[in-house]
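S.K.: Here you go, one structure.
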Amino acid sequence: MESIKLDITKATQFLNPGVVEAYAPQVAAAQVALENGTCSGNDFLGWLHLPSSITTDFLAEIESVANTLREKCEVVVVAGIGGSYLGARAVIEGLGNSFAWLIEDKKNPTILFAGNNIGEDYLSELTTYLKNKKFGVINISKSGTTTETALAFRLLKKQCEDQFGKDFAKNVIVAVTDEKKGAARVTATQEGYKSFIIPDNIGGRFSVLTPVGLLPIAVAGFDIKSLVEGAKVMEEETSIDVPFANNIAARYAAVRQALYAQAGKKIEIIANFQPKLHYFAEWWKQLYGESEGKDNKGIFPAACDFTTDLHSMGQWIQEGERSIFETVVSVEQSNATLLFPHDDENLDGLNFLEGKRVDEVNKMAELGTRLAHVDGGVPNIHISVPTLNEYYLGQLIYFFEKACGISGLIMEVNPFNQPGVEAYKKNMFALLNKPGYEAESKAIQERLTNDK
């Protein structure tokens, strides 16, 4: 089978000749540090050879639990935040029917997401929707105390038990959590839930190919074997043994860092012309933002859905401050075929498109946009995906993960921690007067009083 492809020629034209190749020694050093576990964050490198270590027995166990949920549930709610849900949602929405929630599917339950916000209206509408529906929950939390997820899970657990009884709930609530410790582990053990382990050495944003992502994806009816196989192939194609000139993860990492350090490009916009990739871009934003945004460094990750956002962000991208570069993820072949029809009156003037595939029109919009943005001074990195399926999404996931690890180490930050995420939590707990935060509560109240 083919592999995804990388074209950096429309980015390197904004750099001096040989700049990207000059990063080869830094890339090699980063790869050695990853392989040998000598880099910052070396206790979170379990993702590096994860695809090749996943066994058929392990996938069969996940599929068995997924089958149980499919048989018993009309709806399955995935409770998680950040890396505990974005990867699964990226794949499910990337491969699923855009109108799946309107379609009665006898084979697969509707997949919904909660625990990723504290919106009272959202949670109220969700619990109202679930009334009289047989639903299950996949609770994804290493600690079980992450506020957004724990709040949603408490609501969902109670509703499931109230509607169908504890015996039913026990069979349709699954915990994906720490092996030994944490509130979610204690609850799973006490209630008798089926559970899967989040490996200690894999951080949330790198966890798509663990049960965190694989279980929801399997419940949605997608082929997790093919997803893992694609990732495994990309693990091989981006390994330390592949020369820099042929290693697309290495080259992507290098060109990003060259644009940042040498050309002053501080913002990377990931763009797609396939609406199904919206949540893939959201996953990518977390992966790179949380990995590189440290020590007052980091390329700001943004995302645009084209052509939609060309009618809102297009002007800024074309003629705004030249602090940006684009990474366009292009899908070569759509899965459906839809031909543009003839209209006798032709009031919209579009009969010249008669008989063309809609995807052909979209491809010309993509090419025209890329050319215009390059002409406007925006470096353009192009990633080509043969088609949207499990195999190629597996490749794309691992490609971005590997490149992220390399890129962060070149930038001399720890790509595998996220200390800044705790700042808002500390303030929130203080404001809510959580036990144990008395000193912080007093300090923040004094600060708010002084700010008036």
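Taken together, the values in this text are just the output of simple stated rules run on the coordinates, not laboratory data. None of these values were measured; they are calculated from a predicted model. Neighbour counts are summed over all protein chains in view; Cβ atoms, including those assigned to glycine, are modelled from backbone coordinates with ideal geometry.
S.K.: Each label point is 7 Å from the Cα along the Cα-to-Cβ direction; what then is the distance between the points at Glu438 and Leu347, in nm?
M.R.: 7.3
S.K.: Relative to the present Cα-Cα distance, how much length would full extension add between Ile267 and Glu360 at 0.36 nm per residue of separation?
M.R.: This chain segment gains 30.5 nm when fully extended.
S.K.: Assuming R0 = 25 Å, what is the FRET efficiency of Asn16 and Ala372, from their Cβ-Cβ distance, to the nearest 0.05?
M.R.: Efficiency computed from Cβ-Cβ geometry: 0.55.
S.K.: Continuing with this model, one more query. Going highest first, how would you order 53-62, 204-213 by mean Cβ packing within 10 Å?
M.R.: 204-213, 53-62
S.K.: If you project the alpha carbons of the chain onto their three principal axes, what span does each projection cover, largest first, in Å?
M.R.: The Cα atoms of the chain stretch 62, 61, 57 Å along the principal axes, largest first.
S.K.: Here is a follow-up. If I model a spin label as a point 7 Å beyond the Cα along the Cα-Cβ vector, how far apart are those points for Gln318 and Thr147 in nm?
M.R.: Result: 4.2 nm between the two label points.
S.K.: What's the extension gain from Lys72 to His49 if we count 0.36 nm per residue and subtract their Cα-Cα distance? Kindly include the intermediate steps, with their values, before the conclusion.
M.R.: Numbers: separation 23, 0.36 × 23 = 8.28 nm, distance 3.45 nm.
Fully extending the segment from Lys72 to His49 adds 4.8 nm.
S.K.: Let me ask something else. Which shape class, rounded, prolate or oblate, goes with region 320-420 when its Cα gyration tensor gives a ≥ b ≥ c as root eigenvalues, a/c under 1.5 marks rounded, and past that a/b bigger than b/c marks prolate?
M.R.: oblate
S.K.: From the square roots a ≥ b ≥ c of the eigenvalues of the alpha-carbon gyration tensor of region 49-227, which class results: rounded (a/c under 1.5), prolate (a/b over b/c), or oblate?
M.R.: Details: a/c = 1.39, a/b = 1.14, b/c = 1.22.
Note, shape of region 49-227 comes out rounded.
S.K.: Run the numbers for Tyr122 and Asn335: contour at 0.36 nm per residue of separation, minus the present Cα-Cα distance, in nm.
M.R.: Separation in residues times 0.36 nm, less the Cα-Cα distance, equals 73.4 nm.
S.K.: Starting with the highest mean, order 136-149, 435-448, 23-36 by the number of other Cβ atoms within 10 Å, averaged over the residues of each peptide.
M.R.: Averaged packing, sorted descending, gives the order 136-149, 23-36, 435-448.
S.K.: State, to one decimal in nm, how far the label point of Glu191 lies from the label point of Lys170, with both points 7 Å from Cα in the Cβ direction.
M.R.: Modelled inter-label distance: 1.3 nm.
S.K.: Hey, how many Å between the Cα centroid of region 338-397 and the Cα centroid of region 186-212?
M.R.: Between the Cα centre of region 338-397 and that of region 186-212, the gap is 39 Å.
S.K.: Further, regarding this structure: For region 141-196, what does the alpha-carbon gyration tensor say about shape, rounded, prolate or oblate, given a ≥ b ≥ c as the root eigenvalues, a/c under 1.5 as rounded, and a/b over b/c as prolate?
M.R.: Numbers: a/c = 2.52, a/b = 1.34, b/c = 1.88.
Oblate.
S.K.: For the chain, what's the relative contact order in percent, using C-alpha pairs closer than 8 Å and at least 6 residues apart?
M.R.: This gives 23 percent for the chain.
S.K.: Moving to a separate point now. Can you show me the helix-derived [θ] at 222 nm for the chain, built from DSSP H runs with n ≥ 4 at -39,500 (n - 2.57) apiece and divided by the number of residues, rounded to the nearest 500.
M.R.: When only DSSP H runs of four or more count, the value is -15000 deg cm²/dmol.
S.K.: Relative contact order of region 49-227, please, whole-number percent, based on alpha carbon pairs below 8 angstrom and at least 6 residues apart. It would help to have the intermediate numbers written out before the result.
M.R.: Details: 289 pairs, mean separation 54.9, N = 179.
Contact order relative to length: 31 percent.
S.K.: Quote the relative contact order of region 218-325 in percent (integer), defining contacts as alpha-carbon pairs under 8 Å separated by 6+ residues.
M.R.: Values: 82 pairs, mean separation 28.9, N = 108.
Over region 218-325, the number comes to 27 percent.
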